Structures are given as structure tokens and as C-alpha cells.
């Protein structure tokens, strides 16, 4: 018993350390991005933040200018497609760089508004931590780290929910092809929930979390959504690989996968049924969509060239 308690304490400490490391990474990215901000005055004499593409290239993790210039081109095309004046947000300039033995030459660069940087990040690879951070850093109209963190969490939860929707859609397709109707799919999913939540049914979990309407997954925290998705992906894989047929066999597979995921969480001291409810994902999606619509509207324009 003492050994079990000690192991769980160590595992909880590991989890806590990982959270701290994640926060530290966010803080480091913020420091890197803050370091390259420049301040100019717009045509109304108001101070505004601008960034230069050559410096942004480095903090976004691009090693070659040619690749980053392609991302800038895509961002400019997005701007044009949206009916926004490109010159208000992208300005081509030249920059002197020092070569070997002290020689210098001119290279292409761009002065960018916050909105331009946001579009560049949106056209980057979201799997890169730097790009994911930049999408939130440039989306908020302040550099307060707590607001950046909040948006990162919102986007992570939305992404996890989208993945679960996709995997459940694929499961529905897979089992329909194997002789299971829509009602059977509902029963399979419900049995999976019961295995994941320690015997509590979907309806019992909704009551536990105070959910009056809507899907259970819409109110689950990111970790639980990811757990449900992992179990569903495992079921999809084995249904396809083993060519499982009929409701009984697929149900057994889905229950086993949810039980395995629950066991993995349990080893880390996590019981998914004890995690608190999160805000309705539909509200979060609407908030993010509203914020994104306002990014261009609130972004200041580059001053006219002198």
C-alpha cells in the first residue's frame, strides 16, 4: 500500500512538472515574440506594433527565407481574398545583412502589422509549437500572457473536439458497413462511455456534470475529449484491421479500448468522471469565431510611406 501511494505521489508530481514546463514554454515563446516587436506611429499619430518578416521568420522556426516567403505570399493572397487592402498590412522593404568578411548586401524584407502576422501564422504548420503559439499571440489585442494562454486552451479544446467528431463519424461509417444501424451505434458509444467513466452511463455523466441539453462531449474538458478520441481511434483501427462484424463484437472491442484508456489515466492518478465540466464547446467556438472576425477590424494600418 505504501509503495502504491508513493508511486501515485511520484506520478502526480510528474504531471505537475509537465504543466509547469508547458507554462514555461509559453512564457519563453512570449518573451521571444515580444523581443522583436517594433513601435511606430500610424497616420493618426497613435503608436502601433509592427514586426519585420526576417525576425519573425526566426521565432516561427523557419530556417530558409524562401520557405517563409511562400508563407507570406499565401497570407497576402488570403488578405486579398478577404477584400482587405494588402498595402495596409504588408509592406515590402529592404534590409542590409552582413556577409563573410564584413561585406554587406540588400535582402528582401517586409514590415507587418499584427493582422499580417496573424495571417502568416494561420498559413503555417499548426503542428509546430511556434506556429500554434503565434496564432494566439497575434489574435489577441494585448500581450497579456493569461489571455494568450486562455486562447491556446480554447483552440486546443476545439481541435480535440473536432478530432473526436471525425473519429466518431468514421466509426459510424465503419459499423454501418458491418451490419449495425444508427441505434446500434448509439448503444456502442454508450457502452464505451460507461467503461471510460467507471460504470457511469452517458446520461449519469450528464446529470453529474449538470448538462441539461447537448452532447456530453461538448462539456468535457480537453483531457477527457482526447481520451474518448483515443479509444474511438483504437476501435476504428481494430474494426478495420480485424474486419469485425456485428454489434456484439464491435461493442466488446470499444469497451475494451475505453477500459484500456481509463486504466492508462488511472496510472496517472486521473479519474475522468471526477474532472469538472468545461464550458459548452459551442459557446467557445462562437467566441473564437467572433474574436477572429474582429482581428482585422481592430488591427491598425501601416502608416503611409513617407
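Condition (residue is out of contact with any strand residue (DSSP E or B) (no Cβ under 8 Å at 6 or more places or on another chain), surrounded by fewer than 18 Cβ atoms within 10 Å (Cβ to Cβ) and within 29 Å of residue 184 (Cβ to Cβ)) applied to the range 281-295: is it met by at least one residue? So far as the range 281-295 goes, yes, one or more of its residues are out of contact with any strand residue (DSSP E or B) (no Cβ under 8 Å at 6 or more places or on another chain), surrounded by fewer than 18 Cβ atoms within 10 Å (Cβ to Cβ) and within 29 Å of residue 184 (Cβ to Cβ).
Output the strands (runs of 3 or more DSSP E) that fall wholly within the range 35-154 and possess 3 or more residues being crowded, with 17+ Cβ neighbours inside 10 Å, or say none.
47-52, 104-112
Does the range 250-262 include one or more residues that are farther than 28 Å from residue 181 by Cα and surrounded by fewer than 19 Cβ atoms within 10 Å (Cβ to Cβ)? Checked against the condition, which is being farther than 28 Å from residue 181 by Cα and surrounded by fewer than 19 Cβ atoms within 10 Å (Cβ to Cβ), the range 250-262 yields no hits at all. Total residues in the range 233-260 satisfying the condition of being assigned to a helix (DSSP H, G or I), touching a residue at least 40 places away in the same chain (Cβ under 8 Å) and more than 14 Å from residue 191 (Cα to Cα): the figure is 5. Looking only at residues in the range 200-232 that are outside any loop (DSSP other than H, G, I, E, B) and without any contact (Cβ under 8 Å) to a residue 40 or more places away in the chain, which one is surrounded by the most Cβ atoms within 10 Å (Cβ to Cβ)? Only one residue fits best here, namely 231. Considering only the range 167-175, I want to know if a residue exists there that is touching a residue at least 60 places away in the same chain (Cβ under 8 Å) and farther than 30 Å from residue 289 by Cβ. Looking through the range 167-175, at least one residue is touching a residue at least 60 places away in the same chain (Cβ under 8 Å) and farther than 30 Å from residue 289 by Cβ.
Only the coordinates and a few stated rules stand behind these numbers; no lab work does. Worth saying up front: this structure is predicted, and the values here are computed from it rather than measured. In this analysis, Cβ positions are derived from the backbone assuming ideal geometry, glycine residues included, and neighbour counts consider all displayed protein chains.
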